[in-house]
Amino acid sequence: MLTDFDIKKAKIKSKIYFLKDNKGLFLRVNTGGTKTFFYRYKWLGKDLTINVGEYRPNKFSLTQAREKRDQFIDDLNAGINPKDDSTKGATFETLAKQWLEAQKVKWSSGTLTTNTTRINYAIKDIGAKAIEDITAKDILNICRIQERRGTKEVAKRTRQLIGNVYKYHMLYDISEKVVGSLVVHQPKNHPHLTEKEDIKELLDKVNNYHGSFETRMALKFLAYTFVRSTPLREAEWAEIDGDIWRVPAHKEKTGRPLLVPLSTQAQAILEEMREVTGDKKYVFHSNYRGKNDFISESTLGRVLNRMGYLGKHCVHGYRHMASTCLNELDYDGDAIELQLSHAPMGVRGVYNKAKKLPARTKMMQDWADWLDSL
């Protein structure tokens, strides 16, 4: 039989391995470090295995795993296959992770990161609770924490994600009871600059930034390309194809690939970066996060805040800035929307399949020249 000491001292190996307890309960030690309980049993002559839960010393212990195993044994003795209701006795964390795994194929990496962060707010508070023991008040408390932090929209989105976990497992969505209790969020545009003098000052401050070289170059590149944060930070050398940057669909919020014509200025930045990170996977490689990782989501925003742009201009603000200025400069509206990776609405969106690449290529070069002329 296993002991908590046995589990705690179980070391990570290059291959998955198993530690047996008794009565069909065993622990799987993954190469990534997670330790998960499983229960093996026979049903109609077949060997079946069911996930019992991830070992967490202060949240889901060996004792709790044995209690769940005993519940499964009781079901079997009553002629019930535990897999017929795999949510019975399952913790919120187990069900939430199953839901997250199922969504990976349809989310961009940015959406996956954001939604994982938000669902982890719930896992932190109610992850160890059996799904049937969670109350609406438990969920409201999770949302209230976000509201007190001033992130009312995050509270709303977190509630929705919790509800999605229930719906995915075909359970009654208890989070619906919370909707009317949440503080109403009034959405605001991302802060951004549109006046020439302000834009010039921003560009000058970025040029004179004496912090991380990769961060400075990323902000300069962002001004010329006005892409979303995820494709910028996760830009790979393999995506650069001469004077075109081919952003893959899984990095775009829309789930569609994006072609970014590169101005001569943007190409010059890439040439400088190639001398520094050309042997790495990512263009804007981070020297602080890991051996082969990109700069973090918060890095660029923190730098802009330190420059004095808190509440005035943000990373996403570059997109608003480019959209406003290019429209005022009378560039083709469809070309602008396509370059922003926005989907045209209605009938126009259905029939407008043209990529308008020649027009976008000229527009991107004109945009870079306009910025340099300020």
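Read-outs: derived from the displayed coordinates by stated rules, not from any lab. The structure displayed is predicted, hence computed values, not measured ones. Please note: Cβ atoms are built from the backbone with ideal geometry, for glycine as well, and neighbour counts cover all protein chains shown.
Table for the structure above
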{"quantity": "Candidate values (1) 24.2; (2) 20.7; (3) 21.8, label of the one derived for Kirkwood radius over Cα pairs in Å", "calculated": "(1)"}
{"quantity": "Loop-located trypsin sites (Lys or Arg not before Pro) in the stretch 79-158 whose Cβ has at most 14 other Cβ within 10 Å (DSSP)", "calculated": "149"}
{"quantity": "Straight-distance crosslink candidates among aspartates and glutamates, where the alpha carbon sits under 19 Å from residue 46 and sequence neighbours closer than 8 are dropped", "calculated": "74, 75, 84, 85"}
{"quantity": "Cα gyration tensor shape of the stretch 107-178, rounded if a/c is under 1.5, else prolate or oblate by comparing a/b with b/c", "calculated": "oblate"}
{"quantity": "Net charge, residue 276 excluded, C-beta distance under 13 Å - Lys, Arg +1, Asp, Glu -1", "calculated": "-2"}
{"quantity": "Proximal aspartates and glutamates to residue 20, defined as alpha-carbon separation beneath 17 angstrom and excluding residues fewer than eight positions away on the same chain", "calculated": "4, 6, 47, 54, 67, 70"}
{"quantity": "Selection from 115, 48, 71, by position along the positive dipole direction of the chain (Cβ)", "calculated": "71"}
{"quantity": "Relative contact order [Cα under 8 Å, 6+ residues apart], the stretch 4-86, whole percent", "calculated": "18"}
{"quantity": "The chain - mean residue ellipticity at 222 nm from DSSP helices (-39,500 (n - 2.57) per run, n ≥ 4, rounded to 500)", "calculated": "-14500 deg cm²/dmol"}
{"quantity": "Relative contact order, percent, the chain [alpha-carbon distance under 8 Å, six or more residues apart]", "calculated": "11"}
{"quantity": "Subset of 200/281; 106/167; 15/59 violating a 22 Å alpha-carbon distance limit", "calculated": "200/281; 15/59"}
{"quantity": "Eligible lysines near residue 196 by straight Cα distance, threshold 17 Å, same-chain separation 8 or greater", "calculated": "205, 220, 312"}
{"quantity": "Alpha-carbon centroid distance for the pair the stretch 70-89 / the stretch 137-155, whole angstrom", "calculated": "35"}
{"quantity": "Local net charge near residue 159, Cβ-Cβ under 12 Å (Lys/Arg +1, Asp/Glu -1)", "calculated": "+1"}
{"quantity": "Overall form of the stretch 235-302 per C-alpha gyration tensor (a/c, 1.5; a/b vs b/c)", "calculated": "oblate"}
